[in-house]
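The values are calculated or read from the model by the stated rules, or taken from the named source; none is laboratory data. Note that this is a predicted model, so its numbers are computed, not measured. Methodologically, a virtual Cβ is constructed for each residue, glycine included, from the backbone with ideal geometry; neighbour enumeration extends over all protein chains shown. The protein model used for the area step is the full one, side chains on, heavy atoms only, and it has no ligands, DNA or RNA in it. Shrake-Rupley method; radii C 1.70, N 1.55, O 1.52, S 1.80 Å.
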Amino acid sequence: MKARPTMRACNPIGIGVCLALAAGLAAGRAYADSLPQSVIDAQYARISPALCIVSYASEITNERTGDTNKRQTRAMGVIVSPEGLVIGPGHMQLDYSKPLNVRISVGQGDAEKEYPAEVLTKPEDVNLCFMRIKPETPEKFPYVRFAPNARLSIGEPLMVLGLFGENLDFAHAAQFRSIGAILEKPRTTYCLDEPVPLGFVAGPVVNAQGEAVGVIGLDLSPQEGGELYTHGGHPLVYQTSLFQHYIEQPPGLQEEQTNAWIGVFSQPLSDDLAEYWGLPKEGGVVVSTVVPDAPAAKAGIQRGDIIIEFNNTPIHSKLDRDIAGFTKLVRECQPGQEISIRLLRNETPMDVKATLTELPKSGKEAGEYEDSVFGFTVQELTRDLRIRLNLDEDLQGVIVFRVKSGSDAQLAGFRPGVIILRFGEHPIASIDDFKAAVEKVAADKPGEIPIFCRVGPRTGFFRLIPNWNRGEEG
């Protein structure tokens, strides 16, 4: 394989390198002096071959307009099994961005080899991405073994392995940091004392004993695409216990996943709420909404109930981020499993049984159809969308997801969130109905198409005036 030229413009993986390199050199040298040179040499030689370059196309959706664009980008990955399981940074998979055409390069220089890869379902409890290399014939890859139960201390020096940017030809590199803070709630969280370049996110972390004790992660806020344990994007050490079980039992492809579901929307029982209601300040999950016909509804759970024990596990949620732990408990159960729930109703303890079902398809997994004739993409109405938009189960239609800039649909005033109930003379109850209606109308080529829609609580017509000469005009 031909080696890359070494002098190119910086790409996203190396943005922080140029700025951080000089500033971190003195401090990094001090931390390095705390690590035995024999450990640095031995662990760099052992772990460096398992570092890899993840190249992919990122399809990004503008949540406000629904427009999408694609860009090529790269990230650092680390191989964690001889079969080619790879851990990458969690920002590869966000609600508004998904990786496509993933390729993984292993080795350096003339020994570098590129492989196709598939992206696995992103875990909900740790902000990492898991991928699987797909070689044409079975191969054994260099990989990192992690120490299972190492505990870190304030000020402890660490070596972090990663990649410099494209301007340095993605050289395998080491930087040195220390533990600057330890947060004990809602889980033990180790914070580095200084930022790291993006090329070191998901990089292995080595302690003074030469043990690989975790990888670097960035916990993101909900606005940044994260869901759990938010700490503003500060670099953390994800200790081995947070992801080792995913190495032993890798996440499946999206269609292979089956998560359990109980069917409630909830909030934590904060100390303020407990004091207002005259309850002990021990935490719990307050049920704010019960989905009709869901397992919770069939078990008799009501709005206002407080769940204090789930399947023999006490629930002590007091903060918004603690709700993630309850959600994880539910999803780790099996669909069809009967579980016991202890709750408080009007300060009175109650025990109920609920039989969980499979988590309904979400908006992120919804089937969609891209109409190239009029210029918009629609999605099916999934259960979570119906709940979010307060739609009755008997309402039939499809929801506009994206609108192409300058298209007939945009000129007619369509925008994401509009629900199409009838397209011309054709009632719409599914994606297939919509696709068939578009094809029929396109064949007839009318001068104007009335489209009956729902926008918020109101219904009305959009007037779609097609430019049937658009294709002939090029």
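Some observations on this one:
- Some residue of the range 269-276 being open to solvent by 60 Å² or more (accessible area, probe 1.4 Å) and either in contact with a strand residue (DSSP E or B) (Cβ under 9 Å, 6 or more places away or on another chain) or in a loop (DSSP other than H, G, I, E, B) (or both): no
Results for (1) acidic (Asp, Glu); (2) more than 15 Å from Ile47 (Cβ to Cβ); (3) out of contact with any strand residue (DSSP E or B) (no Cβ under 8 Å at 6 or more places or on another chain), shown as yes or no for each residue.
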residue: Lys140; (1), (2), (3): no, yes, yes
residue: Tyr143; (1), (2), (3): no, no, no
residue: Leu163; (1), (2), (3): no, no, no
residue: Cys191; (1), (2), (3): no, yes, no
residue: Val213; (1), (2), (3): no, no, no
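- Considering residues of the range 174-207 that are small (Gly, Ala, Ser) and either touching a Pro at 6+ places or on another chain (Cβ under 7 Å) or free of Cβ contacts under 8 Å to residues at least 12 places away in the same chain (or both) only, the residue farthest from Ile323 (Cα to Cα): Ser178
- Some residue of the range 202-211 being surrounded by fewer than 17 Cβ atoms within 10 Å (Cβ to Cβ) and over 16 Å from Ser48 (Cβ atoms): yes
- Filtered by the rule that a residue be surrounded by fewer than 19 Cβ atoms within 10 Å (Cβ to Cβ) and not acidic (Asp, Glu), the range 82-93 gives a lone residue, Pro82.
- Within the range 286-329, the set of residues being surrounded by fewer than 15 Cβ atoms within 10 Å (Cβ to Cβ), touching a strand residue (DSSP E or B) at 6+ places or on another chain (Cβ under 8 Å), in a loop (DSSP other than H, G, I, E, B) and at negative phi comprises Gln302, Arg303, Leu319.
- Gly165 meets all of the listed conditions (1) open to solvent by 20 Å² or more (accessible area, probe 1.4 Å); (2) at pLDDT below 95 but one, namely (1).
- So Pro335, is it assigned to a loop (DSSP other than H, G, I, E, B), closer than 30 Å to Trp468 by Cβ and under 23 Å from the mean Cα position of the chain (by Cα): no
- Residue match in the range 124-132 (condition: under 30 Å from Ala324 (Cα atoms), in a loop (DSSP other than H, G, I, E, B) and in contact with a strand residue (DSSP E or B) (Cβ under 8 Å, 6 or more places away or on another chain)): yes
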